[in-house]
Each structure stands twice: as structure tokens, then as C-alpha cells.
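Shown next, in C-alpha cells, is the structure this report addresses.
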Amino acid sequence: MIFKKENKALEELLQMDFSKKSRPRRYLELVIGVIILALAFNLFMLPNKIVSGFSGIAVIFSSLFNINASLLIMIITVILLIVGLFTLGKETIKKTLFGALLYPVMVALTEPLVNYIIIDNSDILLSVLFGGFLTGVGSGLVFRGGFSTGGADTIMQIMNKYLKISLGKANLIINIVIIAGGVFAFGWTRLMYSLVCLYIVSLVMDRIILGISSSKAFYIITDHENEIKTYIMKKLGRGVTAIEARGGFTNNKEKILMCIVPTREYVILKEVISEIDDKAVLLITDVYESIGSR
């Protein structure tokens, strides 16, 4: 009887949609993120011929053949959505449909702002830095909400499914092809600017998705367990968890002390541990979020 109740509770848990409460916030982040992406594209990427990400295709063709960038993005997006519908299935495409169609629409709507927001693009490096920053912020907001703007993501999933290429490698191949097209169209100098931009985008996007680490997690293996625990609890006022462990080489039983401290106390704790036990083994990692207390 208890077993049946547990199974029923598990089934109810699996059927619950936990994303409903956060859905308005996620869609708001998507819209804001896409607007920021569109502004970055129109104000910085397109005028400076920076080939960054899948929108780089629009930059290349728009610059060489004087084709409207937003129209070109929309055409490519629709083609990829149709191809994805037949290759990946309806459920997969549904996840990218809204973001994929919203992006070219926002590029078209923000295009006239170029005439009102006058930016001096004579300093290309500054434009690349700021354009990369905005693109990273926009992409981070879109991905944090669990959405996508389509484009390269659709091709990556097709390559993963039919060519058995990992998503990471597929993304690398796509970026290499797009950047190679940029070299052919604009030369090697623009390639260097594009690589700088891609690097900034990846850094900023990670910070938006993961957040800025405000704490550090310490994992400590020491022979002076009590002294270190006492210092952390009494002096720093932080909790400590002792984890039972066994050495892989020695097979000896030992304890790992785990605690989370604010980043401002990171150096202090590290130095104190070294003074108490200069042979202590430390593993220190960033903590982006800590929920609950015991």
C-alpha cells in the first residue's frame, strides 16, 4: 500500500510543470534579450562588418550584395525551420520557433534607430568590445530562459543527429565556416576583430547565464580538522560539513571539510588554512548560488 502511494506521488511529481510559475519571467527575458541582440547587430556588428555567430552570414551578404539584413535573416530562419521540421521533428522546432522568428522581426524594427542613435564607429575596437558585450548579454538572457534564436542551433542539432557530431564540435565547424566567409569578404583584419568579439560574447554570456560568483566553496583534506573547523565556525561564523572519504591510493579513511564563504573571505581562509596545516589539500571552486541551510 505504501509502495503504491509512493509510486502515485512520483507520477504526480513527474507530471507537474514546474516552469509555469516562471514562464512570464522567461518570456520577458527572451524579448529583452532579442531586443538587445538586434540593437547590437544594427548598431555595431553590421556597420563594422563584424562576422560573429550565425548573424555573420547576413553581415557578409548584406555588405557584398546590398541585401536587407533583416529580410535575409528571416529567409534563412524560415528555411532552417522548415528543414528542421522534417529532420528534427515538430517538438524540437517548437522550442526554437518563437525566438527564431522574433529575432529577425526585432532586427527590422530596430533598424531605423541607426538614424537616431548616432555612434562614431571610427574606433572599431571600441565598437567590437561594446557590440560583443551587448551580444553576450542578449544571448545570455535568451539561453537563460531556455530559448534559442534558431539559426546555428538548428544546424547543430541536425549535424548531431545525422552526422553523429557533438554539439560542441558542430558549433565550432559552423563558426569556422562563417568566419572563413568573413575572411574572404572583408580580409584578415576583420577576422581578428571577429575573434575578439566571439571571445567577449562567450565570457559575457556565461556570466549572464551562471551569474557572478559571490562565494567560494572550500573542500579541505587536512590532519588538523578540529582547528580548521573551529576557525571557520567561531571566527568566520560559517557552517562546515565533514564528508567521510577514503583515499584512492592509500585506501585510508579521511574526512573532507566543505564550507562556503563569501569571496571577500576567500584569501583570509586560504592563508589561515596554510598556517594551520601547510600540507592541507585544498579544492576551491566558484559558487554561483547557494540555496537553503542546515
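Pick from 105, 137, 142: which is crowded, with 24+ Cβ neighbours inside 10 Å and either under 25 Å from residue 81 (Cβ atoms) or not small (Gly, Ala, Ser) (or both)?
Only one candidate passes the filter, namely 142.
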Just to verify a result, which residue in the stretch 54-75, among those that are touching a helix residue (DSSP H, G or I) at 6+ places or on another chain (Cβ under 9 Å) and outside any helix (DSSP H, G or I), is surrounded by the most Cβ atoms within 10 Å (Cβ to Cβ)?
55
Quick one: in the stretch 240-259, of everything that is surrounded by 15 or more Cβ atoms within 10 Å (Cβ to Cβ) and aliphatic (A, V, I, L, M), which residue is nearest to residue 210 (Cα to Cα)?
258
Considering (1) modelled with pLDDT under 85; (2) under 18 Å from residue 206 (Cβ atoms), say which one residue 154 fails and leave the rest.
(2)
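Take residue 178 and decide whether it is touching a residue at least 12 places away in the same chain (Cβ under 8 Å), among the aliphatic types (A, V, I, L, M) and in contact with a Lys or Arg (Cβ under 8 Å, 6 or more places away or on another chain). Talk me through it step by step, then tell me what you get.
Working: touching a residue at least 12 places away in the same chain (Cβ under 8 Å): yes; among the aliphatic types (A, V, I, L, M): yes; in contact with a Lys or Arg (Cβ under 8 Å, 6 or more places away or on another chain): no.
Spelling it out, it is not the case that residue 178 is touching a residue at least 12 places away in the same chain (Cβ under 8 Å), among the aliphatic types (A, V, I, L, M) and in contact with a Lys or Arg (Cβ under 8 Å, 6 or more places away or on another chain).
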Mind checking which residues of the stretch 22-53 are more than 15 Å from residue 130 (Cα to Cα), crowded, with 20+ Cβ neighbours inside 10 Å and not acidic (Asp, Glu)?
30, 33, 34, 53
In the stretch 261-294, what count of residues is obtained for those that are assigned to a helix (DSSP H, G or I) and more than 30 Å from residue 208 (Cβ to Cβ)?
6
Where in the stretch 76-173 are there helices (runs of 4 or more DSSP H), lying wholly inside it, with at least 1 residues that are without any contact (Cβ under 8 Å) to a residue 12 or more places away in the chain and farther than 18 Å from residue 42 by Cα?
90-110, 152-162
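Rundown of residues vs (1) at pLDDT below 85; (2) buried (at least 18 other Cβ atoms within 10 Å of the Cβ), yes/no style:
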site	(1), (2)
183	no, no
207	yes, no
210	yes, no
228	no, yes
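The values are calculated or read from the model by the stated rules, or taken from the named source; none is laboratory data. What you see is a predicted model; the values in this text were computed from it and never measured. A quick note on method: Cβ atoms are made from the backbone with ideal geometry, for glycine too, and the neighbour counts reach across all protein chains shown.
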